[in-house]
Amino acid sequence: VQLQASGGGLVQAGGSLRLSCAGSRRTFSNNGMGWFRQAPGKEREFVAAISWRGSNTYYSDSVRGRFTISRDNAKNTVYLQMNNLKPEDTALYYCAAARAAWAQKVPSEYSYWGQGTLVTVSS
């Protein structure tokens, strides 16, 4: 089972990026999906999550209103659109597949993790 995250890069504050996470059909079948991030010297933190059908989404307070999570089950891909990026958004971003179909905020509820894609926001 693999999750491949992509789309990271260097962007100026106020800019936008869209992250993608492609997985196998097995990974996406009836699984909630999530994005987490980890900045240097900090613990991994929840960013956003989406249920299997995309009907429910959750966001951390720090990104709500700026980030949007979505998914295309036909393509086995989940996305994270990030707008109005801030220097504090700089981190390694990970996608993950949950054990259950609903959206999850807790890392322990996720079975599979991608390798991460680096987002750097300059001021």
> Hey, does region 68-85 have a residue that's surrounded by 16 or more Cβ atoms within 10 Å (Cβ to Cβ), free of Cβ contacts under 8 Å to residues at least 24 places away in the same chain and within 15 Å of the chain's Cα centre (by Cα)?
Replying inline: yes
> Quick one: what pairs do we get from region 96-107, first residue over 11 Å from residue 28 (Cα atoms), second among the basic types (Lys, Arg), C-beta under 9 Å, 6+ apart or different chains?
Replying inline: 107/44
>> Kindly evaluate residue 59 against the criterion of being touching a residue at least 12 places away in the same chain (Cβ under 8 Å), of a type in the set (Phe, Trp, Tyr) and more than 18 Å from residue 2 (Cα to Cα).
In response: yes
>> Within region 86-123, take every residue that is assigned to a loop (DSSP other than H, G, I, E, B) and either farther than 24 Å from residue 41 by Cβ or touching a Leu at 6+ places or on another chain (Cβ under 6 Å) (or both) and give me the one that is most open to solvent (accessible area, probe 1.4 Å).
In response: 102
>> Going through 34, 65, 7 one at a time, which residue ends up being closer than 23 Å to residue 120 by Cα, open to solvent by less than 30 Å² (accessible area, probe 1.4 Å) and small (Gly, Ala, Ser)?
In response: 34
>> So, in region 80-123, how many residues would count as being more than 21 Å from residue 66 (Cβ to Cβ) and of a type in the set (Asp, Glu)?
In response: 1
>> So in region 10-32, with the set limited to residues that are outside any loop (DSSP other than H, G, I, E, B), over 17 Å from residue 70 (Cα atoms) and out of contact with any Leu (no Cβ under 6 Å at 6 or more places or on another chain), which one is modelled with the lowest pLDDT?
In response: 26
>> I'm trying to understand the selection: among the residues of region 33-76, which are within 21 Å of residue 14 (Cα to Cα), among the small types (Gly, Ala, Ser) and assigned to a loop (DSSP other than H, G, I, E, B)?
In response: 39, 60, 62, 65
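The values are calculated or read from the model by the stated rules, or taken from the named source; none is laboratory data. In this text the structure is predicted, and so the values were computed from the model without any measurement. Heads up, the Cβs are rebuilt from the backbone with ideal geometry, glycines too, and the neighbour counts pull from every protein chain shown. We work out accessible area using only protein heavy atoms, side chains counted, and drop any ligands, DNA or RNA first. Shrake-Rupley method; radii C 1.70, N 1.55, O 1.52, S 1.80 Å.
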